[in-house]
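Structure first, commentary second.
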Amino acid sequence: MTPVSPPNETGRQSVLEARGISMSYGAVRALSNVDLSLYPGEVLGLVGDNGAGKTTLVKCLSGVHRPDSGEILVDGTVRDSLNAEQMRSLGVETVYQNLSLVDTLDVMQNFFLNRELLYRNPVARALGLLNKRQMYRATTERLRELELAVEARRSIAAVSGGQRQMIAVARAISWGNHIVMLDEPAAALGVRQSLQVLTFIRSMAERGVAVLFISHNMQHVLQVTDRIVVLRRGEKVGDLKTADASAQQIVTLITGSDLVVAGKDTKV
Amino acid sequence: MEDESPQTTPDAPQEETGSAASTAQGVIRRALDRASGSYRAFGTLIALGLIWLFFSLKSEYFFTTENIFNIFLQASNIGIIAAGLTVVLIAAEIDLSIGSLQALSGSVAAVVIIQHGQPIWLGILAGLGATVFAGFISGILTWKLKIVSFISTLAMLGIAQGVAFLLTNGTAIAGFGDTYGLIGTYSFRGFPAAAMIAIVVFVAIHLLLTQTKLGLQIFAVGGNSEAAEFAGIKAGRVKLVTLIISGLTGGIGGLILSSRLDAGNGLFGANDLLAAVAGVVIGGTSLFGGVGSVVGTAIGVVMIASINDGLILLNIPDFWQQIVIGCIIIAAMAVDRLTKAARLSIL
């Protein structure tokens, strides 16, 4: 199986790029020499079997992990040594699998986590006084726009798994005006909410946001992405345009063998 | 869990935000949800009221201004260190050294003021500086060397007390003089200055926790440090700050104690840790982090002081105090469990 060559993207400046990223957890090699580019207004699907290195790659790109070797570029500038906060300030927003929200805080506090609105008054600002009223208003408005029927002061521990996931996605979508990475954003969602997330993703891309979308759901990937990158055992084995790809082809790249998929090209 | 209840389905858009819960169930749910913090403190307050009622019926002296103020005085010391401990516990860490820190600050103040004849303000500054530094060391060990605070502050418990004994040569350095003594003994119309200091500490920490970005970060780190880190919060640094705060409160507590006892020694205050933990736990702060309030802690500490005071008034032997307080801790935990289960079944 030869890696599929990336589509010709000459003339476009990538907003996020990984060059030769390698990373090991002790003796386990999670990523070896992975290249990846993300372009504005594009939805890039990142697929691979469990343990293929998708989440590790996202964590490298978001500044949570530091890769052992390789370069990360944001808007064409090398930004290797940035932490999660600094990457966020460059407009890189991430939804991690299951881990993005603090259960003991409420919706509003999670929504504004580490981005809290303070009062303008310089003294209040120096003291770090929270402008709760404004945060409440902004959160409530955002929740309504996204048609999320959750009260802003409701504790995250008291909302359902699906709503929790929607809140995490909504937060990333609201703040991410440049690059948004979503690790299995629809994993805990029902059919209706999954479709809503996919719609969000498309509308973000139309606004010019670059979206990296990780999913095991082949139907979602084919439906929403423009391009698909396939990882297998920490290596990039495919980079193809969604329009040219079939589920069969992607599954073959993911598993590394020409498995026959039973039934139609739907889910893996 | 994954299924939504009818009123949370998105196909029924609401005109007004927050009016999602129009059904009776929704109203109850929202009320419980909103109030879950203050509601817990309210429960503790009712328990305190019952305890006061009980002792008032048993002893006519109990519910006098003088005795209530005396309870506040007894509670102020432990209250101050318990307030700092609350902050640390919300961040999902613990400070076992707070008792020893009291001994340390009192001893440092005694050495500076009594032995070296330096001005009082310098002694106070030195005492607080010593305990803040101790908290800083515990915090740095927790942050940079990833030594859990249970261990780093356990080590500090020994070190701080050892230093206090070294400074005082194992004896009590006594004789601060009248001015310094005012910290622990002055009262305004019967209301003790120590209790005023405690109130200032509680209000300051309450505002810190509920109104500031740092306070929210403390809750976030304690609730889910990984998610907090992903949001760019430096969890280790936040934990360091909480240990510095409890270093400061430990120092303040020690100064009050040394003023009241008119001496500094490695033993003064060293045994207050358990009472402080009891106050915090009765007040509803979670030992697992992310949940808690100093309002609850204040009530919890006053409750313990009230029980001690009441039992003394009733001439009940000392050791009963420990038994009663142990039982109250168990009762508080049991009530927490039961109400949590009840809440979940309503939700």
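From the list B:Phe176, B:Phe136, B:Phe188, B:Phe202, exactly one residue is within 27 Å of B:Phe69 (Cβ to Cβ), within 23 Å of the chain's Cα centre (by Cα) and not aliphatic (A, V, I, L, M). Which is it?
Residue meeting the stated conditions: B:Phe202.
Considering only residues that are under 28 Å from B:Gly290 (Cα atoms), among the charged types (D, E, K, R) and out of contact with any strand residue (DSSP E or B) (no Cβ under 7 Å at 6 or more places or on another chain), which ones fall in region A:67-119? Correct list: A:Glu85, A:Arg88, A:Asp103, A:Arg115. Is one or more of the residues making up region B:322-332 exposed (fewer than 12 other Cβ atoms within 10 Å of the Cβ) and at pLDDT below 85? No, region B:322-332 contains no residue that is exposed (fewer than 12 other Cβ atoms within 10 Å of the Cβ) and at pLDDT below 85.
Of all residues in region A:100-117, those that are facing chain B (nearest Cβ under 7 Å) and either among the hydrophobic types (A, V, I, L, M, F, W, C) or within 16 Å of B:Ser225 (Cα to Cα) (or both) total 9. Screening A:Gly256 on (1) closer than 16 Å to A:Gly51 by Cβ; (2) at pLDDT 85 or above; (3) surrounded by fewer than 22 Cβ atoms within 10 Å (Cβ to Cβ) shows it passes everything except condition (2).
Scanning region A:48-65 for residues being in contact with a helix residue (DSSP H, G or I) (Cβ under 6 Å, 6 or more places away or on another chain), buried (at least 22 other Cβ atoms within 10 Å of the Cβ) and closer than 19 Å to A:Thr255 by Cα gives a total of 1.
Can you tell me which residue within region A:176-195, out of those that are more than 17 Å from A:Glu147 (Cα to Cα) and within 12 Å of chain B (Cβ to nearest Cβ), is nearest to the chain's Cα centre (by Cα)? Among residues in region A:176-195 that are more than 17 Å from A:Glu147 (Cα to Cα) and within 12 Å of chain B (Cβ to nearest Cβ), the one nearest to the chain's Cα centre (by Cα) is A:Met181. For region A:18-41, the count of residues that are of a type in the set (A, V, I, L, M), surrounded by fewer than 16 Cβ atoms within 10 Å (Cβ to Cβ), more than 14 Å from every other protein chain (Cβ to nearest Cβ) and in a loop (DSSP other than H, G, I, E, B) is at least one. Scanning region A:88-117 for residues that are part of a strand (DSSP E or B) and at pLDDT 90 or above yields one hit, A:Asp106.
Being in contact with a strand residue (DSSP E or B) (Cβ under 8 Å, 6 or more places away or on another chain), farther than 30 Å from A:Asp75 by Cα, among the small types (Gly, Ala, Ser) and assigned to a loop (DSSP other than H, G, I, E, B) is a property that A:Ala152 has. Candidates are the residues of region A:228-253 that are more than 21 Å from the chain's Cα centre (by Cα) and outside any helix (DSSP H, G or I); the one that is surrounded by the fewest Cβ atoms within 10 Å (Cβ to Cβ) is A:Ser246. May I ask you to list the residues in region B:233-244 that are within 14 Å of chain A (Cβ to nearest Cβ) and either in contact (Cβ under 8 Å) with a residue 60 or more places away in the chain or of a type in the set (Asp, Glu) (or both)? Of everything in region B:233-244, those that are within 14 Å of chain A (Cβ to nearest Cβ) and either in contact (Cβ under 8 Å) with a residue 60 or more places away in the chain or of a type in the set (Asp, Glu) (or both) turn out to be B:Gly236, B:Arg237, B:Val238, B:Val241. Of the residues in region B:31-49, at least one is among the β-branched types (Val, Ile, Thr), at pLDDT below 90 and touching a helix residue (DSSP H, G or I) at 6+ places or on another chain (Cβ under 7 Å). Scanning region B:246-286 for residues that are within 14 Å of chain A (Cβ to nearest Cβ) and at negative phi, we see that the one that is modelled with the lowest pLDDT is B:Ser286. How do the pairs read when you match residues in region A:161-174 that are within 18 Å of A:Val92 (Cα to Cα) and among the small types (Gly, Ala, Ser) with residues anywhere that are modelled with pLDDT of 85 or more and surrounded by fewer than 24 Cβ atoms within 10 Å (Cβ to Cβ), using Cβ under 6 Å and keeping only pairs 6 or more apart or on different chains? Filtered contacts from region A:161-174: A:Ala172/A:Glu93; A:Ser174/A:Arg142. Checking the stated criteria, A:Ala124 turns out to be more than 9 Å from chain B (Cβ to nearest Cβ), without any contact (Cβ under 8 Å) to a residue 12 or more places away in the chain and assigned to a helix (DSSP H, G or I). For residues that are of a type in the set (D, E, K, R), modelled with pLDDT of 85 or more and in a helix (DSSP H, G or I), scanning just region A:50-87, find the one that is nearest to B:Gln217 (Cα to Cα). Out of the qualifying residues, it is A:Lys59.
Every residue, every condition in (1) touching a Ser or Thr at 6+ places or on another chain (Cβ under 7 Å); (2) of a type in the set (S, T, N, Q); (3) over 26 Å from B:Ala172 (Cβ atoms); (4) assigned to a helix (DSSP H, G or I), yes or no:
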position	(1), (2), (3), (4)
B:Gln102	no, yes, no, yes
B:Gly106	yes, no, no, yes
B:Ile124	no, no, no, yes
B:Gly127	yes, no, no, yes
B:Ala134	yes, no, no, yes
B:Lys146	no, no, yes, no
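Please determine whether any residue of region B:79-89 is hydrophobic (A, V, I, L, M, F, W, C) and surrounded by fewer than 24 Cβ atoms within 10 Å (Cβ to Cβ). No, region B:79-89 contains no residue that is hydrophobic (A, V, I, L, M, F, W, C) and surrounded by fewer than 24 Cβ atoms within 10 Å (Cβ to Cβ). The helices (runs of 4 or more DSSP H) found wholly in region B:166-240 and carrying at least 1 residues that are at pLDDT 95 or above occupy B:193-211, B:213-223.
The values are calculated or read from the model by the stated rules, or taken from the named source; none is laboratory data. Computed from a predicted model, the values in this text were never measured in an experiment. A quick note on method: Cβ atoms are made from the backbone with ideal geometry, for glycine too, and the neighbour counts reach across all protein chains shown.
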